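Participant: Got a structure here, written out as structure tokens. Questions coming.
What follows is calculated from the coordinates using simple rules that are stated; it is not laboratory data. These numbers were taken from a predicted model, which means no experiment stands behind them.
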Amino acid sequence: MTLENLSDIIGLTIKEDKNNKVVTFLAFLLTYTENDQFNISFNAPSSTDKSYIPLELSTLFPKKDVMKIAYCSPKAFFHDKGEYDTDFEGYIVDLSRKIIIFMDQQNTQLL
């Protein structure tokens, strides 16, 4: 399958932004590899649908692997998403095989 084929298939629901949709899909796919994960940041003015592509593409992946997070503080993130470990004496969040979509600009400490 070529990137052009991939773009055409994804284009059934996402009409424009060819490069963004292909790169985002491939980044999501890399979630399932051992060493090659990476982050993507869409940087644009408010109300420009920066979250549309990741949200639309996330429907192609298992729901258990997708975390959609609105604004949240670092402390809230660990309390909401983590499990308390008595040996570590703190919260641990397992991010293996997870696609994390931040809906809003997050606190820099959380990032």
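Participant: Where the convex hull is taken over the Cα atoms of the stretch 45-108, what is its projected area averaged over directions, in nm²?
Facilitator: Numbers: hull surface 21.0 nm².
Quarter of the Cα hull surface area: 5.3 nm².
Participant: Multiply the residue gap between GLN109 and ASN43 by 0.36 nm, knock off their C-alpha separation, and tell me the result in nm, one decimal place. Write out the running numbers ahead of the final one.
Facilitator: Working: separation 66, 0.36 × 66 = 23.76 nm, distance 1.85 nm.
In short, 21.9 nm is gained.
Participant: Out of SER96, SER73, SER46, any idea which swings most in a Gaussian network model of the chain, alpha carbons joined below 10 Å?
Facilitator: Of SER96, SER73, SER46, the Gaussian network model singles out SER46 as fluctuating most.
Participant: Distance cut-off 24 Å, Cα to Cα: go down the list LYS21/LYS75; LYS50/LYS98; LYS18/LYS81; LYS18/LYS50; LYS15/LYS64; LYS21/LYS63 and report the pairs above it.
Facilitator: Numbers: LYS21/LYS75 32 Å; LYS50/LYS98 20 Å; LYS18/LYS81 33 Å; LYS18/LYS50 14 Å; LYS15/LYS64 27 Å; LYS21/LYS63 19 Å.
Distance filter (> 24 Å) returns LYS21/LYS75; LYS18/LYS81; LYS15/LYS64.
Participant: Once the piece of chain linking ASP36 and LEU60 is laid out straight, how much longer is it, given 0.36 nm per residue of separation minus the C-alpha distance between them? It would help to have the intermediate numbers written out before the result.
Facilitator: Numbers: separation 24, 0.36 × 24 = 8.64 nm, distance 1.98 nm.
The ASP36-LEU60 span can extend by a further 6.7 nm.
Participant: Could you give the length gained by full extension between LEU26 and TYR84, i.e. 0.36 nm per residue of separation minus their alpha carbon distance, to one decimal place? Please list the in-between numbers first.
Facilitator: Working: separation 58, 0.36 × 58 = 20.88 nm, distance 3.26 nm.
Result: 17.6 nm gained on full extension.
Participant: So what is the calculated 222 nm ellipticity per residue for the chain, using -39500 (n - 2.57) for each DSSP H run with n of 4 or more, over all residues, to the nearest 500 deg cm²/dmol?
Facilitator: On the way: 4 runs with 36 residues, N = 111.
Using -39500 (n - 2.57) per qualifying helix, the result is -9000 deg cm²/dmol.
Participant: Over all directions, average the projected area of the Cα convex hull of the chain and note it in nm². Present the calculation step by step, with values, prior to reporting the outcome.
Facilitator: Values: hull surface 33.1 nm².
For the chain, averaging the hull's shadow over all directions gives 8.3 nm².
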